[in-house]
Amino acid sequence: MKELIVATKNKGKVLEFRQMFSKYNISVKSLLDFEEEMEDIEETGTTFSENATIKAEAVSKQFQLPVVADDSGLVIDALDGAPGVYSARYAGEEKDDEKNLQKVMHELEGVPMEKRTARFVCAVAVARPGEGTFVKKGYCEGFIAGEPSGTNGFGYDPIFIPKGSQRTMAEHSSEEKNAISHRHHAIQQIEDWLKHQS
Ligand SMILES: O=P(O)(O)OP(=O)(O)OP(=O)(O)OC[C@H]1O[C@@H](n2cnc3c(O)ncnc32)[C@H](O)[C@@H]1O
Ligand SMILES: [Mg+2]
C-alpha cells in the first residue's frame, strides 16, 4: 500500500479521498496528521485551480514529496457564481458549514426552482518535486434545494440536489456521492498518475 499526502485540513474531504484512493491501493495522510508542523496556507488565488496549486506546492516543498491538493466550492448562477472560490468563508472567517448554507438559503429566498441552478467544482492539483504541477477539474451539476435536508457528507451537501436526483447530496450514501461528485470527476482525470504511484 502506497501512502500519499493530501494537503487538506477538511475532515470531509479526507474521508472521501480515503474512500476514492483505496481502489488504487493508496492510503491517505492529510494535514490533520501533521497539525503541529503545518502553518495555515493562505488561499490567495482567484480560481479553484490557482488555490489547489498553492496548497499542493506549499506542502510538496515542505516535505519534498508528491502532494495532492483539492480546492473546491459551490457556484450558484443566481448569485453570479457566489460563493465560488470563497465557499469556505462565505459567512465569515470561522468557516462554519451551517452558517454558510444558511446564508445561501437567505440569499436565494423567493428564487424559483428553475433559477436555482448550481454546480460543485473541484480542482485537484498534483505537485511533484522537480517535475512540476498539474491540475484537473471536475464538476457536478444540480440545483439548490428549498430547504436543507440530510446528514451525510459535509459542507453544502444538505442544500445541493444533483441533476436527475430528487434528494440532496446529504441524502446520498457515500458510495452514491463518490460515483457522481465533482471530486470523483477530478480524481478520475489523475487516474493514470495514481496508478503509477501504487
Ligand atoms: O482548504 P482545505 O484545507 O482543503 O479545506 P477547506 O474546507 O478550506 O476547503 P476549500 O478551501 O476547498 O473550500 C471548499 C468549500 O466548499 C465546500 N465543499 C467542497 N466540496 C464539497 C462537497 O463535496 N460537498 C459539500 N461542500 C463542499 C466546503 O464545505 C468548503 O466550504
Ligand atoms: Mg481552504
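Among the chymotrypsin sites (Phe, Trp or Tyr not before Pro) within the stretch 107-198, not one is in coil by DSSP while having at most 11 neighbouring Cβ atoms inside 10 Å.
With contacts taken as Cα pairs under 8 Å at a separation of at least 6 residues, the stretch 2-197 carries a relative contact order of 18 percent.
With a threshold of 29 Å on the Cα-Cα distance, the over-threshold entries among K9/K137; K95/K115; K2/K99; K29/K137; K9/K61 are K2/K99.
Cα centroid separation, the stretch 129-179 to the stretch 63-100: 13 Å. Derived value for the stretch 2-197: Kirkwood hydrodynamic radius 17.0 Å. Basis is the mean of 1/r over every pair of different alpha-carbon atoms.
Can you tell which of A127, A82, A118 shows the greatest fluctuation in a Gaussian network model of the chain with Cα springs below 10 Å? Evaluated over the chain, the most mobile residue of the options is A82.
Values quoted throughout were computed directly from the atomic coordinates according to the rules given, and no laboratory measurement underlies them. Bear in mind that the values here come from a model prediction, so they are computed numbers and not experimental data. As a convention, Cβ positions derive from the backbone with ideal geometry for all residues, glycine included, and neighbour counts pool all protein chains shown.
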